[in-house]
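Structure record follows, encoded as structure tokens.
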Amino acid sequence: MTATAGGTATVERVESYLDAGRIAARVAELGAEISARGCSDQPLVVVCVLKGSVIFFADLVRHIRQPTNLVFLGVSSYAGALETSGAVRLTHDLTIDIAGRDVIVVEDIVDTGLTMGYLVGLLAQRGPHSLRVCTLLHKPARKRVDVSLDQVGFTIDDVFVVGYGLDFDERYRNLPYIGVMHFDTAG
Ligand code: IMP
């Protein structure tokens with residue numbers, strides 16, 4: 001519960017939106033699609049965008065059948081808990097050279113597209129052989145930047161979601177399902 005200046009309080013409530021079984025089935029399909037593309041002579045570079053995609057990434061890579069290199073990229077874009085600041089910042093860079101490599105970026109959610117637009121621009125400059133994007137969730141209602149998404153797990157409504165890696169104010173990432181965040185007024 002959070003106290004406000006007017007004396008009223010807000011109670012956070014999470015309503016189930018995508019249950020763990022539905023997520024697991026879709027993640028398996030996404031992994032099978034990636035595997036069906038086959039492999040080149042070098043392992044597929046799978047990029048985890050920290051922190052939101054960490055749980056999706058961990059589940060997805062276990063459905064990929066070809067050799068992989070697993071790498072991590074940190075970005076930060078949120079000024080407050082619910083709204084993007086619009087300015088994306090790299091907080092942790094890749095530790096391998098991706099020139100000439102097949103790369104897939106694994107993201108939790110594409111909302112305005114600002115973060116993915118920034119990441120695709122950044123990674124494309126490094127000369128990969130191919131660069132694909134796989135996002136678990138896509139919220140097209142809030143699009144500000146057009147980004148080509150090769151794989152989308154679920155297209156969702158314009159709601160703020162938490163769980164399965166996604167946070168509100170750094171909380172709820174450990175929920176095994178995805179839920180919609182509600183703020184009820186109490187008292
Ligand atoms: P974008 O730059 O607006 O596309 O937002 C991308 C990032 O914002 C995601 O990687 C998430 O970390 C965060 N984000 C956007 N929408 C939500 C949401 O509904 N719940 C939690 N995080 C979100």
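Taking the numbered list (1) under 20 Å from Ser76 (Cβ atoms); (2) in contact with a helix residue (DSSP H, G or I) (Cβ under 9 Å, 6 or more places away or on another chain); (3) among the small types (Gly, Ala, Ser) in turn, Gly117 passes all entries but (2). Screening Thr112 with (1) part of a loop (DSSP other than H, G, I, E, B); (2) in contact with a Lys or Arg (Cβ under 7 Å, 6 or more places away or on another chain); (3) surrounded by 15 or more Cβ atoms within 10 Å (Cβ to Cβ); (4) at pLDDT 95 or above gives one miss only, at (4).
Filtering Val162, Val103, Val75, Val133 for residues that are modelled with pLDDT under 95, crowded, with 19+ Cβ neighbours inside 10 Å and either part of a strand (DSSP E or B) or more than 9 Å from the ligand (Cβ to nearest atom) (or both) leaves a single hit, Val75. Looking at Arg173, Arg126, Arg144, just one residue is within 12 Å of the ligand (Cβ to nearest atom), closer than 17 Å to Gly74 by Cβ and surrounded by fewer than 19 Cβ atoms within 10 Å (Cβ to Cβ), and that residue is Arg173. When Gly153 is tested against (1) within 11 Å of the ligand (Cβ to nearest atom); (2) within 27 Å of Ser16 (Cβ to Cβ), exactly one condition is not met: (1). The residue pairs whose first member lies in the stretch 24-38 and is closer than 16 Å to Pro67 by Cβ, whose second member is of a type in the set (A, V, I, L, M) and assigned to a helix (DSSP H, G or I), and whose beta carbons are closer than 7 Å, counting only pairs six or more residues apart or on different chains, are Gly31/Leu60. Please state which of the following conditions Ala32 fails to meet, knowing it meets all the rest: (1) among the small types (Gly, Ala, Ser); (2) modelled with pLDDT of 95 or more; (3) within 30 Å of Thr185 (Cα to Cα). Every condition holds for Ala32 apart from (3).
Could you grab me the full set of residues in the stretch 88-100 that are within 16 Å of the ligand (Cβ to nearest atom) and either aliphatic (A, V, I, L, M) or closer than 13 Å to Leu131 by Cβ (or both)?
So in the stretch 88-100, the residues within 16 Å of the ligand (Cβ to nearest atom) come out as 88-92.
Correct list: Val88, Leu90.
I'd like to check something: does the stretch 109-118 contain any residue that is within 11 Å of the ligand (Cβ to nearest atom), in contact with an Asp or Glu (Cβ under 7 Å, 6 or more places away or on another chain) and at positive phi? Scanning the stretch 109-118 turns up at least one residue that is within 11 Å of the ligand (Cβ to nearest atom), in contact with an Asp or Glu (Cβ under 7 Å, 6 or more places away or on another chain) and at positive phi.
For His138, the conditions (1) under 18 Å from Ser16 (Cβ atoms); (2) modelled with pLDDT of 95 or more are fulfilled apart from (1).
Give the residue that is nearest to Thr91 (Cα to Cα), with candidates limited to residues of the stretch 1-29 that are loosely packed, with under 15 Cβ neighbours inside 10 Å, modelled with pLDDT under 95 and hydroxyl-bearing (Ser, Thr, Tyr). Can you show your working first?
Residues of the stretch 1-29 loosely packed, with under 15 Cβ neighbours inside 10 Å: 1-9, 11, 13, 15-16, 19-22, 24-25, 28-29.
From what's left, modelled with pLDDT under 95: 1-9, 11.
Applying the additional criterion that residues be hydroxyl-bearing (Ser, Thr, Tyr) yields 2, 4, 8.
Details: Thr2: 30, Thr4: 32, Thr8: 37 Å.
Across the stretch 1-29, the extreme among qualifying residues is Thr2.
The values are calculated or read from the model by the stated rules, or taken from the named source; none is laboratory data. It should be emphasised that the depicted structure is a prediction, and the values quoted were computed from it without experimental measurement. Every residue, glycine among them, receives a Cβ derived from its backbone with ideal geometry; neighbour counts consider all protein chains shown.
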